[in-house]
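The block underneath contains the structure these notes are about, expressed in structure tokens.
The values are calculated or read from the model by the stated rules, or taken from the named source; none is laboratory data. Note that the coordinates shown come from a computational prediction; the quantities given were computed from them, not determined experimentally. Cβ placement follows ideal geometry from the backbone for every residue including glycine, while neighbour counts extend to all protein chains displayed. Only protein heavy atoms, including side chains, enter the accessible area calculation; ligands, DNA and RNA are left aside. Shrake-Rupley method; radii C 1.70, N 1.55, O 1.52, S 1.80 Å.
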Amino acid sequence: MKLFWARKYSQGNYGYLNALMRARSSLFLKKEDYLRLSEGDLEALEQFLLDSRYAESYRSALVIGERSILSRVETAVANYICGELRHFHHIAEGEASILLGLILARADILNSRLIMRAAYTGRFGGKQPRWHDYGSLPGSLFSDLWQNSSGLSDVIERCHNHGHDFSLALADALVDIRRGYDLFRAERGFLLSILDNFWERLERSGTTNGKMVKDLLGMIIDTWNLGIWLKHRYGYPLPGKEDVLYLPSGKWLDQTRLSSTKVLNDLVKGTPWTGIIRTIENQRPQDFQRSISIYMWTWQRKYFRKDPLGIAVAIGYVAKELIEWENLNLISVGLAVGMKEREIFERLIPV
């Protein structure tokens, strides 16, 4: 088994993969594109997409009968970017494929949390969420769980039948919800199962690239823990003591530091998180997570210009794709509800 994994990790195609990603990066929208789109209307956005890399995907949205421009934009952008990310994962080999799979597992986590929330509120069926279809679990699985299950027990059984480690983790979280656990604890249990899977895979690597992905996961854990710390500080209701809600193995904010520190400046002192203090210091609790996410996106995006023969380019490329997805959604929704151009532009994630 060790020989298999050593061979598997020794076969990467980073140079080829990164060259393709860098070539595609020339098609990303720039600051001036976002400014121009924010100044227009939905019709102008539609025409812009028809003249861009989204053209084929947008025409497909027209063919399948998406009625509103807003729905067509959301569908076209989601389908195209998910397709791009699936494509790169498909052509990656060896270590590059395994590590890129960990990075793209963000989709599995987002989709699974939507299923958990629907199970907790009893709101399956109806209009589906926009699934992130680039992870290990296909979007079709989540669509089937959403539309065709007869109840929570049926959803759990379908997850078990699928058999993937991530779907089994989702099944366990849904069992916790059925037992009466609150949503927060069910989500935490799910994340712990996913992270155990990640650490096991990363231990087989032991390379510089594996350490880089481990550091990224540690930063993502920091975002969860920082959100809990901030909510506790500002009196936001939490299901239990904050110290038992933190996730282990954060990169910069370990559990001892989180539990013993009372001042935000002291909590983040000497860490990369110092750059977020002014952004979140005076915000409402419900805005914390967005600010933290924006900080993480901009931090990951900078990896794109690092080691051309390692996983750094892929980390940055994935971030740039998902930033563009988020920004185009913000623009389309902003235009649809009549927001002012400056208000739309200021909400965008910097590129």
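Going by the conditions given, is Leu102 under 22 Å from the mean Cα position of the chain (by Cα), touching a residue at least 12 places away in the same chain (Cβ under 8 Å) and assigned to a helix (DSSP H, G or I)? For Leu102, the condition - under 22 Å from the mean Cα position of the chain (by Cα), touching a residue at least 12 places away in the same chain (Cβ under 8 Å) and assigned to a helix (DSSP H, G or I) - is met.
Look at (1) over 21 Å from the mean Cα position of the chain (by Cα); (2) part of a helix (DSSP H, G or I); (3) modelled with pLDDT under 85 and you find that Phe288 fails only one, number (1).
In this structure, Tyr134 qualifies as among the aromatic types (Phe, Trp, Tyr), surrounded by 14 or more Cβ atoms within 10 Å (Cβ to Cβ) and closer than 16 Å to Glu321 by Cβ. Inside the range 115-146, residues that are free of Cβ contacts under 8 Å to residues at least 40 places away in the same chain, part of a helix (DSSP H, G or I) and either more than 23 Å from the chain's Cα centre (by Cα) or closer than 20 Å to Gly83 by Cα (or both) make up a count of 5. Here the condition is being open to solvent by less than 30 Å² (accessible area, probe 1.4 Å), farther than 25 Å from Leu267 by Cβ and modelled with pLDDT of 95 or more; of Leu191, Leu168, Leu174, Leu195, it holds for Leu174 alone.
Any chance you could count how many residues in the range 306-332 are farther than 21 Å from Ile292 by Cβ and either among the small types (Gly, Ala, Ser) or buried (at least 16 other Cβ atoms within 10 Å of the Cβ) (or both)? Quick ask: steps written out before the conclusion?
First pass over the range 306-332, keeping only residues farther than 21 Å from Ile292 by Cβ: 306-314, 317, 328, 331-332.
Retained after the next criterion (residues that are either among the small types (Gly, Ala, Ser) or buried (at least 16 other Cβ atoms within 10 Å of the Cβ) (or both)): 310-314, 317, 328, 331-332.
Matching residues across the range 306-332 total 9.
What's the total number of residues in the range 85-95 that are charged (D, E, K, R) and surrounded by fewer than 20 Cβ atoms within 10 Å (Cβ to Cβ)? Spell out how you get there, then give the answer.
In the first step, residues of the range 85-95 are kept if they are charged (D, E, K, R); the result is 86, 93, 95.
After this cut, where a residue has to be surrounded by fewer than 20 Cβ atoms within 10 Å (Cβ to Cβ) as well, the list is 86, 93.
Looking only at that region, the number is 2.
Scanning the range 123-138 for residues that are more than 14 Å from Arg158 (Cα to Cα) and either of a type in the set (Asp, Glu) or modelled with pLDDT of 95 or more (or both) returns Trp131, His132, Asp133, Tyr134, Gly135, Ser136.
A quick yes/no check of all residues on (1) surrounded by 15 or more Cβ atoms within 10 Å (Cβ to Cβ); (2) touching a helix residue (DSSP H, G or I) at 6+ places or on another chain (Cβ under 6 Å):
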| residue | (1), (2) |
| --- | --- |
| Leu70 | yes, yes |
| Gly83 | no, no |
| Ser97 | yes, no |
| Arg130 | yes, yes |
| Leu152 | yes, yes |
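Among the residues of the range 296-335, the ones that are farther than 15 Å from Met219 by Cβ and at pLDDT 95 or above come to 19 in all.
Among the residues of the range 49-72, those identified as in contact (Cβ under 8 Å) with a residue 12 or more places away in the chain, in a helix (DSSP H, G or I) and under 25 Å from Glu343 (Cα atoms) are Leu49, Ile69, Leu70, Arg72.
Which residues, taken from the range 258-285, are modelled with pLDDT of 90 or more and in contact with a Gly (Cβ under 9 Å, 6 or more places away or on another chain)? Within the range 258-285, just Leu258 meets the criteria.
Looking only at residues in the range 198-228 that are touching a residue at least 40 places away in the same chain (Cβ under 8 Å) and among the charged types (D, E, K, R), the one that is least open to solvent (accessible area, probe 1.4 Å) is Asp222. Evaluating Ile109 against the criteria (1) assigned to a helix (DSSP H, G or I); (2) farther than 22 Å from Phe166 by Cβ leaves one unmet condition, (2). Reported count of residues in the range 99-114, each being open to solvent by 20 Å² or more (accessible area, probe 1.4 Å) and within 13 Å of Cys82 (Cα to Cα), is 1. Tyr34 meets the conditions (1) open to solvent by 50 Å² or more (accessible area, probe 1.4 Å); (2) within 15 Å of Glu341 (Cα to Cα) in every case but one. The failed one is (1).
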